[in-house]
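Report on the structure given below.
Please treat every number below as a calculation from the coordinates, not as lab data. Computed from a predicted structure; not experimentally measured. A quick note on method: Cβ atoms are made from the backbone with ideal geometry, for glycine too, and the neighbour counts reach across all protein chains shown.
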């Protein structure tokens, strides 16, 4: 794989160049009169906590205050300057999360509050547009008109209710196709459109062909960067948002009249948008290459099997796909099998969406699949059932210069991918996987070796992960959200609420007893001027990782791990559990429970910060209560410790709480009194 994936893929030449950049930046830092943010006149305070679903408690804010004060720092020190390198692709929230690390916490809680209740795709896309600095009130005219979309189609073979619904969908897809051609793709030059299919294939796929170079240089080609800058992602997201509203309405209309569908065999219709395929009420076997390329596929029911590309828009390799494609399956236990790349909501230079309403389904496909947006938008929405998702690279809610959104509403689901998956984003990208219910398993990795660093390990770059192209372009926003269930997250290097190079990566799990397993750069970590967070709201959880993990910030980066409840178990080799390295900021907060904290390198866990570039890092560890176990003798219940000048840990003792009871012995209130720091008044 030739895609830039951070330290894992650097060649010796790249390492030398990176070292030269570091030397140059360090030299400039010494010459320029740059003051750290802690010394600026406007000190940034923690924002107010006014969200209904919560954020950090007043006591946790106070403890961070005290922890920082004990090492002669304040909140503003956490926002010291981290913008030494600039580029035109920097998202406002990515920079702000570095400048004001608590903003990342508030932003995460806001997303969690928003997703507490089921949300349709178009509402999620509206908020995604905000993250992408997109104009949510886009000036692109999106209202259908006869002059643009053509005269509405008539389908005499369909019953009346279906005829109206399919005509509405055909009209909406036609309009979206016109927008893609006249606005979105028109923002690219003819040279871009000739260059990008070749470069995207070579850049993102692991192909050994004569057409692709054996290796890519550390710098991205100017042609690629220029095309990224020109691409009208605002119009693409706005078009997808409005189209998804129509799709939702059509699905409701078709389900409300499902009894009218008595089709005994599949057939094709011709609409303004292109070929429309209609399935039967029985168990259909679709060989997609035997049918005309479709703009719309609708199957009313039955246990169906789809072989080949379904819901694929845009063209890479001499294809003839429509610029917009929608597939809807209304019921049955279905299977979607595609041996090659692209299927199940693959928007590569196009907009594609697959909606499966019910049934236990299986999705197996290659790269660029299962809600992939690459210079486009891809959606996959599964509304019910126990499902299996297996795919390759840039899949399962992946956005790269575009948006990828996978929504699974219920059922015990399995997600498995090679790399760049499960809520992943790239430059000018936004990716989300949101699963509302069920005991789910998430696997990512075990395909691409982490060479030359750890040749016996693999890279994952998944599960709430985002990455930029160092040093040329900042990254995007990747979110993995799981609402409920006992879940298992398994990845290798880079995963589980992690980001790289001016990006944001977030993993949010609301309820359930969960197990997070990863190797390195994981579980709420920011790497190289980036911000990552893992928020677990409830449950008895287990966090297992090798190093650089569990609320960890490396190289001018920010990492948070917040666990709100339950008896939890943390294991990490080193640089873990609230640690900052190379001028990074790392924070771990565990709100309560009987917890265990274990680390091989005892001096580099549970509140560690080190010296680098002649100034420190920041590591903060806070456990809010309960009898806990530590591998480090210095730590313990009701203890306060500092292993270095830049790291601090606090374990709140049960006797730190002043509790007021009523006449029946019920607790009325409690006040935290930190020995030697607060009086409770």
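By the count of other C-beta atoms within 10 Å, a proxy for reagent exposure, 288, 255, 78 are ordered fewest to most as 255, 288, 78.
The Cα atoms of the chain define a convex hull whose projected area, averaged across directions, is 31.2 nm².
With the Cα gyration tensor of the range 54-121 in hand, give its eigenvalues times 5 under a square root as the equivalent ellipsoid semi-axes, listed largest first in whole angstrom.
The equivalent ellipsoid of the range 54-121 has semi-axes of 26, 22, 4 Å.
Over the C-alpha trace of the range 378-428, radius of gyration and Dmax come out as 11.0, 33 angstrom. Over all orientations, the range 522-607 has a Cα convex hull whose mean projected area works out to 4.4 square nanometres. A helix-only calculation puts the chain at -6500 deg cm²/dmol for mean residue ellipticity at 222 nm, using -39500 (n - 2.57) for each DSSP H run of at least four residues, averaged over all residues. So what's the angle, to the nearest 10 degrees on a 0 to 90 scale, between helix 121-131 and the longest Cα principal axis of the chain? Around 50 degrees separate the two axes. Among 86, 382, 234, sorting on how many other beta-carbon atoms sit within 10 Å of each Cβ, with the fewest leading, yields 86, 234, 382. Roughly what angle does helix 58-70 make with the longest principal axis of the chain, taking Cα atoms, 0 to 90 degrees, to the nearest 10? Result, in degrees: 50.
Counting neighbouring beta carbons within 10 Å and listing from fewest to most, the residues 346, 369, 545 come out as 545, 346, 369. Computed from Cα positions, the angle between helix 101-114 and the longest principal axis of the chain comes to roughly 40 degrees. Semi-axis lengths, largest first, of the ellipsoid equivalent to the range 497-652 are 21, 19, 12 Å, with √(5λ) applied to each eigenvalue of the Cα gyration tensor. Remark: the range 415-473 is approximated by an ellipsoid whose semi-axes, taken from the C-alpha gyration tensor as √(5λ), come to 22, 18, 6 Å, largest first.
In the calculated pair-distance distribution of the range 377-466, the portion above 16 angstrom amounts to 52 percent of the Cα-Cα pairs.
Over all directions, average the projected area of the Cα convex hull of the range 448-492 and note it in nm².
Approximately 4.4 nm², given one-decimal rounding.
More than 19 Å apart: what percent of Cα pairs in the range 434-548 qualify? Value for the range 434-548 (Cα pairs over 19 Å): 41 percent.
The alpha carbons of the range 247-359 give a radius of gyration and a Dmax of 13.2, 40 Å, in that order. Per q in 0.16 Å⁻¹, report the Debye log10 I(q)/I(0) for the range 303-428, using one uniform scatterer on each alpha carbon and no solvent. Cα-only, vacuum Debye calculation for the range 303-428: -0.62.
Normalised by residue number, the volume inside the convex hull of the Cα atoms of the range 168-319 is 144 Å³ per residue.
If every alpha-carbon in the range 475-543 counts as one equal scatterer, what log10 I(q)/I(0) does Debye give at q = 0.25 1/Å? Reported log10 I(q)/I(0), two decimals: -1.02. Rounded, prolate or oblate: which one fits the range 563-681, using the alpha carbon gyration tensor with axes a ≥ b ≥ c (rounded when a/c is under 1.5, else prolate when a/b beats b/c, else oblate)? Prolate, because a/c is 1.5 or more and a/b exceeds b/c.
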